[in-house]
Amino acid sequence: LLMAGGLGSRLKPLTNECPKPMLKVGGKPILETIILNFIESGFKKFVISLNYKANMIREYFSDGHKWGVSIQYIEEDERLGTAGSLRLLPEIQNSHPVIVMNGDVLTKVNLGHFLDFHTFHHSKATMGVREYNFQVPYGVLKLDQHRIIKIEEKPVHNFFVNAGVYVLDQDTLACLPPEARIEMPDLFGHFIKTGHSTAAFPICEYWLDIGQPANLKQAHGDFKDVFE
């Protein structure tokens, strides 16, 4: 399931006439590069979730025959968030997990390893995560009221952040909370609260979320080295 319905507001004016997943990097729409990466890993069946300028995406990809795959579409009548459209998925005729990915993420993550990790850890929902480092540009003080206990100069804080790629067991799709609009982090929070096993899969390969003009500029520079 590829989430391609966002407005791309932070990339205006580029997205005034073109949905963000159709912006070109390396001569191809971002979404096409994503699909080609999945095809390279052996995937054949895709569902694309649409909203903003849906017809442009439908007309470009059609039913997927150009790439030798099957592409279906679901369209949100109202904006449902990054997880709400899971309710609209057509019935799946197997018991395999579903990979969900944002349509503005470029990555060379090994999808086979991702699925194996999900299965090995008996996870119901696995989130791809990326390590993010943030350096405070000042000396940081630890205080006890007015007393200085310690000074740490320009410390670096390490976090794992949501990478916009997920694996979900199909039975979790029946456990979605009742709210029409729901984001993926909230859905994982719901799974944790209701006792479903969740896991975090670290993505060490190339990864870039094209959410800002600077990210798009970086993608243009990275593309030939990483994706060709």
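The values are calculated or read from the model by the stated rules, or taken from the named source; none is laboratory data. What you see is a predicted model; the values in this text were computed from it and never measured. As a convention, Cβ positions derive from the backbone with ideal geometry for all residues, glycine included, and neighbour counts pool all protein chains shown. Ligands, DNA and RNA are stripped out before the accessible areas are found, and what is left, the full protein with its side chains, is counted by its heavy atoms. Shrake-Rupley method; radii C 1.70, N 1.55, O 1.52, S 1.80 Å.
Per residue, the solvent-accessible area of the chain (1.4 Å probe, heavy atoms of protein chains only, all protein chains present) comes to 55 Å². The relative contact order of the stretch 78-154, computed from alpha carbon pairs under 8 Å that lie at least 6 residues apart in sequence, is 15 percent. Taking GluC sites (Glu not before Pro) across the stretch 1-68, the ones in a DSSP loop with at most 10 further Cβ atoms lying within 10 angstrom of their Cβ are 17. Angle of helix 30-40 to the longest C-alpha principal axis of the chain, folded into 0 to 90 degrees and rounded to 10: 80°.
Each part reduced to its alpha carbon centroid, the stretch 1-55 and the stretch 154-184 end up 20 Å apart. Cross-link check: pairs 53/124; 28/108; 28/53; 108/217 evaluated at a Cα-Cα cut-off of 21 Å; pairs beyond the cut-off: 53/124. Which option, (i) 175; (ii) 219; (iii) 139, is the value of volume of the Cα convex hull per residue in Å³ that was calculated from these coordinates? Label of the calculated value: (i).
Rounded to the nearest 20, the Cβ-based charge dipole of the chain about its Cα centre (Lys and Arg +1, Asp and Glu -1) stands at 440 debye.
Pick from 62, 95, 49: which is most flexible by mean-square fluctuation in a GNM of the chain where alpha carbon atoms under 10 Å apart are linked? Of 62, 95, 49, the most mobile in the Gaussian network model is 95. Within the shell of other residues whose beta carbon sits under 13 angstrom from the beta carbon of residue 76, the net charge comes to +1, with Lys and Arg scored +1 and Asp and Glu -1.
When only Cα pairs below 8 angstrom with a gap of at least 6 residues are kept, the stretch 76-228 shows a relative contact order of 36 percent.
What the Cβ-Cβ distance of residue 135 and residue 176 gives, at R0 = 30 Å and to the nearest 0.05, is a FRET efficiency of 0.20. Between 0 and 90 degrees, the angle of helix 213-227 with respect to the longest Cα principal axis of the chain falls at about 70 degrees. Note on the chain: antiparallel DSSP beta bridges, both residues inside, total approximately 60 percent of the bridges counted. Counting charges near residue 171 (Lys, Arg +1; Asp, Glu -1) among other residues having Cβ under 15 Å from its Cβ returns a value of 0. Residue 201 sits among other residues whose Cβ lies under 15 Å from its own Cβ, and their net charge, with Lys and Arg +1 and Asp and Glu -1, is -1. What a 1.4 Å probe finds exposed on the chain is 53% carbon and sulfur by accessible area, rounded to a whole percent. In loop segments of the stretch 99-161 as defined by DSSP, the chymotrypsin sites (Phe, Trp or Tyr not before Pro) with at most 15 further C-beta atoms inside 10 Å of their C-beta are 138.
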